[in-house]
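Colleague: Mind looking over this structure? Questions follow.
Please treat every number below as a calculation from the coordinates, not as lab data. This one's a predicted model, so the numbers in the text were calculated from it and none came from an experiment. Cβ: placed from backbone, ideal geometry, glycine included. Neighbour counts: every protein chain shown.
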Amino acid sequence: MKKVSIVVPCCNEAAAVPLLYAALQPIMTAQSEYQWEVLFINDGSKDETLAVIKALRLADARVNYVDLSRNFGKERAMLAGFDYVTGDCMVLMDADLQHPPQVIPEMLSWWEQGYDDVYGKRISRGREHWLRKRLSLAFYKILQKSARMEILQNVGDFRLLDRCCINTLKKLREQERYTKGMFSWIGFRKHEVLFETRDRAAGRSSWSVRQLFRLAVEGITSFTVVPLKISAVIGFIVSFFAFVYMIITLLKTLIYGEPVHGYPTIMVTILFLGGVQLISIGIIGEYLGRIFHETKNRPTYIAREYNGERVF
């Protein structure tokens, strides 16, 4: 009998976890030809999330959990799911029920037909603020044009992954992670399943604008060096025009005796060139920071316990 694992990263989702489990129960009952596992990854929750998960495990042995030592972020919590999951395939989804569990049987159907990565594609983005929608779409367009692989738009973490994909993703241990890009990078046979994004069942999103912006920066710097090339091109263009302007100024001074322009011109030129230099240094700094974190070779996450047993 094949085993299907459902992996749910959680951070302060005490109110949503019981609702998700209640929604998963009829699906697991209806799909009785599979053995089921629900693996919760407690990502440093400060509410009663862990206690709620432990209570579910006492009532249902199919519920497992990994408790991380602190909040490492969703990207690293998903890696913990890859490490601890035991199924022949896994369904990765959020705890807030924005990913509808009713789509799971369709995903399993495509998996049985030989697809390794059955990803959920949003038909709509729910009650998301219009500015956030526009920025998300703009980010995906930028990443798609700059990356050397296809980046799927309106596709998040909601997907079914075959064991071959899981084992491959386990090998990718970088510190600064952008898992959505990794799903595209590893390849394998993919198929889309359309779904409507729902409103949160309970609680509030823990993703701030700052965190989303940081995730976008990580996505771009993880899969392309185009920003470095752009800064180099801008530097070349600015240097070229500065050289041309210098020659013109020199010739006008030698031929016509025209004095060199004074303070305003010098200040504008210095400020402009200084701004370009600072932007370029900032871009280089992003990549240098990634190298700095990777060379430390620290664990990507630390698990405190697995199903009540201390990990170390």
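Colleague: Summing Lys, Arg as +1 and Asp, Glu as -1, what charge do residues with Cβ under 12 Å from the Cβ of Trp110 carry, Trp110 excluded?
Modeller: -3
Colleague: Report the net charge of residues surrounding Ala303, where surrounding means a beta-carbon distance below 13 angstrom and charges are Lys +1, Arg +1, Asp -1, Glu -1.
Modeller: Here the charged neighbours net out to -1.
Colleague: Set the Förster radius R0 to 25 Å, insert the Cβ-Cβ distance between Glu196 and Gln113 as r into 1/(1 + (r/R0)^6), and round the FRET efficiency to 0.05.
Modeller: 0.60
Colleague: How would you rank 33-40, 171-178, highest first, on the average number of other Cβ atoms within 10 Å across their residues?
Modeller: Packing proxy ranking, top to bottom: 33-40, 171-178.
Colleague: Could I have the simple spin-label model distance between Glu106 and Ala23, label points 7 Å from Cα toward Cβ, reported in nm to one decimal?
Modeller: 1.4
Colleague: Another question, if that's okay. How much length is gained on full extension from Asp83 to Ala59, taking 0.36 nm per residue of separation minus their Cα-Cα distance?
Modeller: 6.2 nm
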